[in-house]
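Each value in this text was obtained by applying a stated rule to the coordinates, not by laboratory testing. Since the model is a prediction, treat every value here as computed from it, not as a measurement. So basically every Cβ, Gly included, is an ideal-geometry build from the backbone, and we count neighbours across all protein chains shown.
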Amino acid sequence: QKEVEQDPGPLSVPEGAIVSLNCTYSNSAFQYFMWYRQYSRKGPELLMYTYSSGNKEDGRFTAQVDKSSKYISLFIRDSQPSDSATYLCAMSADRTTDSWGKLQFGAGTQVVVTP
Amino acid sequence: DVKVTQSSRYLVKRTGEKVFLECVQDMDHENMFWYRQDPGLGLRLIYFSYDVKMKEKGDIPEGYSVSREKKERFSLILESASTNQTSMYLCASRLGGEVRPYEQYFGPGTRLTVT
């Protein structure tokens, strides 16, 4: 079983809709929870991160972490065609572990926002 | 802006050839990483390097080796390329230490095809 599970999609939504993405994980040592965005023919870039549980908002983007359920989510409000990309969740344990500084990625979900 | 560059965007090699993939970062980052990205599997860590001349195996090191002789350059070597190494290869770097452990900067990727 993979440490991080993410539905690869594709997920197609009309412009203006809310995009909902999620990942589940099995390693309870994960403390950092990230969302990376990858446009076609580009490398991933960090979109948002959350430390431990809770919500974080940045403009149209909201990240949520529920450590009790080992479940994280990313919501994109008022989606735009420019949001069309692959969204990868990533997780990392804290500095007390052997895996400090390394990221575990989900498979990535391809999102297509149609005008 | 951090810039991570990779020597080739596309590469076609024959089975059994020795293949070198080069990665250069320009921000004096201590940590560098090599991943491969395959559909449905996400990014999987091949090797990483905490500092010059230091390397550690990632999750899928078999069939690969690495070299880091200078801080800015991290090379991935396929000793004898095989068709199951056909993939997208992504290089990444991170500042190092306890600073922003969640943030890695990625290059654009090299799509390697082994025939």
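Summarising the overall dimensions of chain B from its C-alpha atoms, the Rg and Dmax are 13.3, 42 angstrom. Its residue count N fixes a reference of 2.2 N^0.38 Å for the stretch A:38-115, and the Cα radius of gyration divided by that reference is 1.20. Fewest-first ordering of B:LYS71, A:LYS102 by other beta carbons within 10 Å of each residue's beta carbon gives B:LYS71, A:LYS102.
About its Cα centre, what dipole magnitude does the stretch A:4-114 give when the only charges are +1 on Lys and Arg Cβ and -1 on Asp and Glu Cβ, stated in debye to the nearest 20? Around 200 debye, computed over the stretch A:4-114. So which lysines can B:LYS57 reach, going by Cα to Cα under 22 Å and dropping same-chain residues fewer than 8 places off? Partners found: A:LYS2, A:LYS102, B:LYS18, B:LYS70, B:LYS71. Going down the table (A:LYS42/A:LYS67; A:LYS42/B:LYS53; A:LYS42/B:LYS3), which pairs top 23 Å between alpha carbons? Violating the 23 Å limit, Cα to Cα: A:LYS42/A:LYS67; A:LYS42/B:LYS53.
Counting, for every residue in A:43-55, the Cβ atoms of other protein chains within 10 Å of its Cβ and taking the mean gives 3. A:THR96 to B:GLU62: FRET efficiency via 1/(1 + (r/R0)^6), r the Cβ-Cβ distance, R0 35 Å, to the nearest 0.05? For A:THR96 and B:GLU62, the calculated efficiency is 0.75. Comparing B:GLN25, B:TYR35, B:VAL52 along the charge dipole axis of the stretch B:3-62, the residue lying farthest to the positive side is B:TYR35, per the Cβ-charge model. For A:LYS56 and A:VAL112, what does the FRET efficiency come to when R0 = 22 Å and r is the distance between their Cβ atoms, rounded to the nearest 0.05? My answer for the efficiency is 0.30. For the residues of B:36-44, the average number of beta carbons from a partner chain within 10 Å of their own beta carbon is 6.
Distance from the C-alpha centroid of the stretch B:33-64 to that of the stretch A:51-115: 21 Å, rounded to the whole angstrom.
Once the C-beta distance of B:LYS53 and B:LYS18 is scaled by a Förster radius of 22 Å, the resulting FRET efficiency is 0.55 to the nearest 0.05.
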